[in-house]
1. Using 0.36 nm times the number of residues separating C42 and L54, minus their current alpha carbon distance, what extension gain do you get?
2. What percent do you get for the relative contact order of the range 6-53 when only Cα pairs under 8 Å and 6+ apart count?
3. With label points built 7 Å along Cα→Cβ from the Cα atoms of R24 and H4, find their separation and express it in nm.
4. Quick one: putting +1 on the C-beta of Lys and Arg, -1 on the C-beta of Asp and Glu, what dipole do you get for the chain around its Cα centre, in Debye to the nearest 20?
5. Going Cα to Cα from K45, which lysines come in below 23 Å? Please leave out same-chain ones fewer than 8 positions away.
6. Under the rule of at least 5 residues apart or a separate chain, name every residue whose amide H is placed under 5 Å from the amide H of I44.
7. Read through the labelled values [x] 1.17; [y] 1.21; [z] 1.12 and report the label of the one computed as Rg/Rh (Cα atoms, Kirkwood Rh) from the structure.
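Please treat every number below as a calculation from the coordinates, not as lab data. From a predicted model like this one, the values you see are computed outputs, not experimental measurements. FYI the Cβ positions are ideal-geometry reconstructions off the backbone, even for glycines, and counts take in every protein chain you see.
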Amino acid sequence: CIDHWKALTLWKDPNYLIKIAGNRTVPIEIGSKYTEEDWSQCLIKFSDFIKSHL
């Protein structure tokens, strides 16, 4: 049903994602649950996140 969607191909390419959204700042949640004491959040550039986790 959605196999023809162009995004299914484009979004698989980390370079494409960096090109269109790399300079955006995004919140990253750190911890297993937001209700835990050690849960936190940091702000990072989307490109930095992609480069370090993919």
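1. Contour length minus the Cα-Cα distance gives 2.5 nm.
2. 35
3. If labels sit at R24 and H4, their model points lie 2.7 nm apart.
4. Here the size comes out at about 400 debye.
5. Of all the lysines, those that pass the test against K45 - Cα under 23 Å, at least 8 places apart if same chain - are K12, K19, K33.
6. V26, I28
7. So the calculated entry is the one marked [z].
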